[in-house]
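Okay, so here's the structure we're looking at.
The values are calculated or read from the model by the stated rules, or taken from the named source; none is laboratory data. Remember, it's a predicted structure, so these values are computed and weren't measured experimentally. Don't worry about glycine lacking a Cβ; one is built from the backbone with ideal geometry, like all the others, and counts go over all protein chains shown.
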Amino acid sequence: MNHPSPQARATFSPRVSRSMELYQRAEELIPGGTQLISRRPTRFAYGVSPAFFTRAKGARFWDVDGNEYIDWVSGIGAIILGYCDPVVDEAVLRQVHNGVMTSINHELELELAELLIETIPCAEMVRYAKGGGDACAVAVRIARGTTGRDKILFCGYHGWHDWYLAANLGADSSLNEHLFSGIEPIGVPRALEGTAIPFPYGDADALGETLDANRGEVAAVIMEPLRSAEPPEGYLKRVADLAQQHGALLIFDEVSTGFRPSAGGVQPVVGVTPDMAVFAKSISNGYPMGAVVGRRDAMEPASRMFISSTYWSDTIGLAAAITTLKEVAARDVPAYCRDLGKRLKSGIEKTAAATGVPVSSVGVDYHPHLQFDVADESLKTKLATLYIQEMAKRGCHGYASFYLNAAQGDAEVEQTMQAAAEAFALMAEGLDRGNIDELLQCELRQDAFRRLVR
Ligand SMILES: Cc1ncc(COP(=O)(O)O)c(C=O)c1O
């Protein structure tokens, strides 16, 4: 899954030769080459996009070949204030000098819990973790323990753990419609078959039918409430009602939306309060941290469950999260990201119109993405790869989308629009001449998997 072909391995641009050397070494040393699928170079323009960085600051990073990039992926969403934010880093460094962990607990654990309870509508009690998948696994364990039921209905991506990948055990072709076929449940116990059941985003009737078919057995409905588009009118409220009618806990996985919709996450924006919610990534501006929050009656039974790990309450993650959340609110980062996104969207639309390339800019303002308006699916992938390739050559690293942070500003928008104008002009010419294939200097980018939400 997601590996370059032998031909691609042998050919890469001299501008990323050190990156590619390191990646080839990594493939020898690390099964899969990277720890995170989203960092595999095959997800970008393989052999043109950078693969290894040396340092990062603000909106940018520098690769091992000495090239400078605007990072439009914001550390796969984890960076909300910008790289090396001075306020967060100072809080972390203070903690480093005072001890990152000991054999007993630290008051910061309570301070973060109180802050989360103050800002997130569903939060009355809190548990911690170190990452998103980790936190989802904790939430699912709590839901199963609290309800005494086994089955989980899910929609969207929730990490790498057995409870989730169990959905692909014995999967038929209908499930392959939802998840990239490369996510094979290798190593997941067959005994878990039937315990995780996907439902399609946006269709409350379909969820109702799945709940009916598993009546009395569903512990939780876990979902990404939205990703890059607003939910259909009334949809999330119906989901909440259905879960409640069936005695299942509703869990919002807010790992990817994080604190960009509002300083209290997505709940104040969509007006629906789940029983529990999961946060990671942007909660702590790049330092490892995750949190599971929820109503007291949903969370409290966890006191009798075995959910325990050494690093979940290390003070680095706690200090980073407290400072990040306060800074997000104080700097009104959600409003900043919305405004930045609006400017990017209108810039992309204008640039596309000027070159005649069939591209539009869609999605919520804080997470816009490019839509290639052509009927042929394979041409869409080619255009997306060509865009990523040409933008990378011009110092803009990303997918055909923008994950925003507070350090990105006028200089980044200007440079990106200039690069997009040149990339779009090339794409328009390639479409006119029918030679897009010749313009591609890399293999087509590979999708990790298709998500169940828009
Ligand atoms: C919605 C959602 N849940 C869970 C995860 C897993 O988070 P992590 O990679 O920190 O384990 C992700 C990661 O992209 C995510 O987007």
Name the single residue, out of those in region 353-370 being among the polar types (S, T, N, Q) and buried (at least 17 other Cβ atoms within 10 Å of the Cβ), that is nearest to SER228 (Cα to Cα). SER361
When residues of region 75-91 are limited to those that are in contact with a helix residue (DSSP H, G or I) (Cβ under 8 Å, 6 or more places away or on another chain) and surrounded by 21 or more Cβ atoms within 10 Å (Cβ to Cβ), the one farthest from PRO50 (Cα to Cα): ALA91
Looking at region 332-352, is at least one residue of a type in the set (S, T, N, Q), buried (at least 19 other Cβ atoms within 10 Å of the Cβ) and touching a Leu at 6+ places or on another chain (Cβ under 8 Å)? no
Qualifying residue in region 313-320 (condition: under 19 Å from the mean Cα position of the chain (by Cα), crowded, with 20+ Cβ neighbours inside 10 Å and among the β-branched types (Val, Ile, Thr)): no
The condition of being away from the ligand (no atom under 16 Å from the Cβ) and part of a helix (DSSP H, G or I) holds, among GLY208, GLY247, GLY202, only for GLY208
Can you tell me how many residues in region 321-331 are surrounded by fewer than 18 Cβ atoms within 10 Å (Cβ to Cβ) and touching a residue at least 60 places away in the same chain (Cβ under 8 Å)? 3
Within region 25-38, tally of residues that are modelled with pLDDT under 95 and surrounded by 15 or more Cβ atoms within 10 Å (Cβ to Cβ): 1
I'd like to verify a number: residues in region 138-166 that are under 13 Å from VAL255 (Cα atoms) and among the hydrophobic types (A, V, I, L, M, F, W, C), how many? 1
Looking at region 375-397, is at least one residue touching a helix residue (DSSP H, G or I) at 6+ places or on another chain (Cβ under 8 Å), of a type in the set (D, E, K, R), surrounded by fewer than 20 Cβ atoms within 10 Å (Cβ to Cβ) and outside any helix (DSSP H, G or I)? yes
Evaluation of ASP172 against (1) within 15 Å of the ligand (Cβ to nearest atom); (2) modelled with pLDDT under 95 (one fails), failing number: (1)
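Here is a yes/no grid of residues against (1) in contact with a Leu (Cβ under 8 Å, 6 or more places away or on another chain); (2) part of a loop (DSSP other than H, G, I, E, B); (3) surrounded by 22 or more Cβ atoms within 10 Å (Cβ to Cβ); (4) in the same structural domain as PRO288 (by TED's automatic domain parsing):
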{"position": "ASP65", "(1), (2), (3), (4)": "no, yes, no, no"}
{"position": "GLU118", "(1), (2), (3), (4)": "no, no, no, yes"}
{"position": "ARG141", "(1), (2), (3), (4)": "no, no, no, yes"}
{"position": "ILE152", "(1), (2), (3), (4)": "no, no, yes, yes"}
{"position": "TYR164", "(1), (2), (3), (4)": "no, no, yes, yes"}
If you check GLY77 against the conditions, is it within 16 Å of the ligand (Cβ to nearest atom) and either modelled with pLDDT of 95 or more or among the aliphatic types (A, V, I, L, M) (or both)? yes
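For region 7-30, state whether one or more residues are at positive phi, in contact (Cβ under 8 Å) with a residue 24 or more places away in the chain and not assigned by TED's automatic domain parsing to the domain that holds TRP160.
If we filter region 7-30 for residues that are at positive phi, which is where we start, we get none.
There is no residue in region 7-30 that is at positive phi, in contact (Cβ under 8 Å) with a residue 24 or more places away in the chain and not assigned by TED's automatic domain parsing to the domain that holds TRP160.
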Selection status of ALA277, over 20 Å from GLY341 (Cα atoms) and within 16 Å of the ligand (Cβ to nearest atom): yes
Given the residues GLY264, GLY294, GLY271, which is the only one that is assigned by TED's automatic domain parsing to the domain that holds LEU110, crowded, with 24+ Cβ neighbours inside 10 Å and either in contact (Cβ under 8 Å) with a residue 24 or more places away in the chain or under 27 Å from LEU242 (Cβ atoms) (or both)? GLY294
Restricting to region 95-110, count the residues that are touching a helix residue (DSSP H, G or I) at 6+ places or on another chain (Cβ under 6 Å) and either assigned to a helix (DSSP H, G or I) or not assigned by TED's automatic domain parsing to the domain that holds SER303 (or both). 3
Among the residues of region 211-234, how many are crowded, with 17+ Cβ neighbours inside 10 Å and assigned to a helix (DSSP H, G or I)? 1
